[in-house]
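Worksheet for the structure shown next.
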Amino acid sequence: MSGVHDHHGSAEMTRRVDALVARLAHRGLVTDAAIAETIESFLTHAKPSNGFRIVARAWSDDAFRARLLDDANAAVAELGIDLSHWAPVTLRVVENTADVHNMIVCTLCSCYPIALLGPSPAWYKSAEYRARAVSEPRAVLAEFGVELPERTRIRVWDSTSEMRYLVLPRRPAGSDGLDEQRLATLVTRNGLIGTALV
Ligand code: FE
């Protein structure tokens, strides 16, 4: 699955995966076509609209929001978004409030909730973002155009191969009358990473 997710020591991992695939193919257990089809299927279903739907539901339904914050894997499954191919990854949703703004990073490589947001942007994988998101998150946010009050605390969540995060942005003012479909159109990918407010 190289290309889907860059892992620690990715050159070594690529070599090992290639060797494993070659042995399985040699025994007739897999074909290159079957692997390509699996990756294709994963990427077809891995799109930011999944994340937008989750946020819109959480904004509309307090009970769902509570379940989402408590056990995100189970809550996401309720929406019919299948994460089973993604196991054993634990998803945790972190909620922005007036006091706390959350942002996500993978300091070691590029772990990212691809199933819910699609492939990650280049800047997320850059060495600069991975270092500065932790050392000077407020400056990074300002470069994304996000200016937070001094009193708002910034929490940075470091993803791993087992644990992925998704930010639940604050519901925008003036969105009271909107239904879930309309709310979903307000959400942006960066909002779910924490580098935008919504
Ligand atoms: Fe990573």
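For this structure, a couple of remarks:
- Only one entry in Arg138, Arg170 is assigned to a loop (DSSP other than H, G, I, E, B), of a type in the set (Lys, Arg) and under 17 Å from Val198 (Cα atoms), namely Arg170.
- Yes/no for Trp86 being within 16 Å of the ligand (Cβ to nearest atom), aromatic (Phe, Trp, Tyr) and either under 21 Å from the mean Cα position of the chain (by Cα) or modelled with pLDDT of 85 or more (or both): yes
- When the residues of the stretch 110-129 are filtered to those that are surrounded by 17 or more Cβ atoms within 10 Å (Cβ to Cβ) and aliphatic (A, V, I, L, M), the one that is nearest to the ligand (Cβ to nearest atom) is Ile114.
- Restricting attention to the stretch 50-73, the residues that are among the small types (Gly, Ala, Ser) and under 15 Å from the mean Cα position of the chain (by Cα) add up to 2.
- Count of the stretch 96-135 residues which are hydrophobic (A, V, I, L, M, F, W, C), touching a residue at least 40 places away in the same chain (Cβ under 8 Å) and assigned to a helix (DSSP H, G or I): 4
For (1) among the aliphatic types (A, V, I, L, M); (2) within 16 Å of the ligand (Cβ to nearest atom), each residue gets a yes or a no:
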site	(1), (2)
Val93	yes, no
Val105	yes, yes
Leu108	yes, yes
Leu141	yes, no
Gly145	no, no
Pro149	no, no
Thr152	no, no
Arg171	no, no
Asp179	no, no
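- For first residues located in the stretch 71-83 and over 11 Å from Arg53 (Cβ atoms), partners that are among the charged types (D, E, K, R) and lie 6+ apart or on another chain with Cβ distances below 7 Å form the pairs Ala72/Arg92; Ala74/Arg67; Ala75/Arg67.
- Failed item in (1) crowded, with 19+ Cβ neighbours inside 10 Å; (2) in contact with a helix residue (DSSP H, G or I) (Cβ under 7 Å, 6 or more places away or on another chain); (3) not in a helix (DSSP H, G or I), with Val76 passing the rest: (3)
- Looking only at the stretch 153-198, and only at residues there that are under 22 Å from Thr107 (Cβ atoms) and charged (D, E, K, R), the one that is surrounded by the fewest Cβ atoms within 10 Å (Cβ to Cβ): Glu162
The values are calculated or read from the model by the stated rules, or taken from the named source; none is laboratory data. In this text the structure is predicted, and so the values were computed from the model without any measurement. We place every Cβ from the backbone using ideal geometry, glycine too, and count neighbours over all the protein chains shown.
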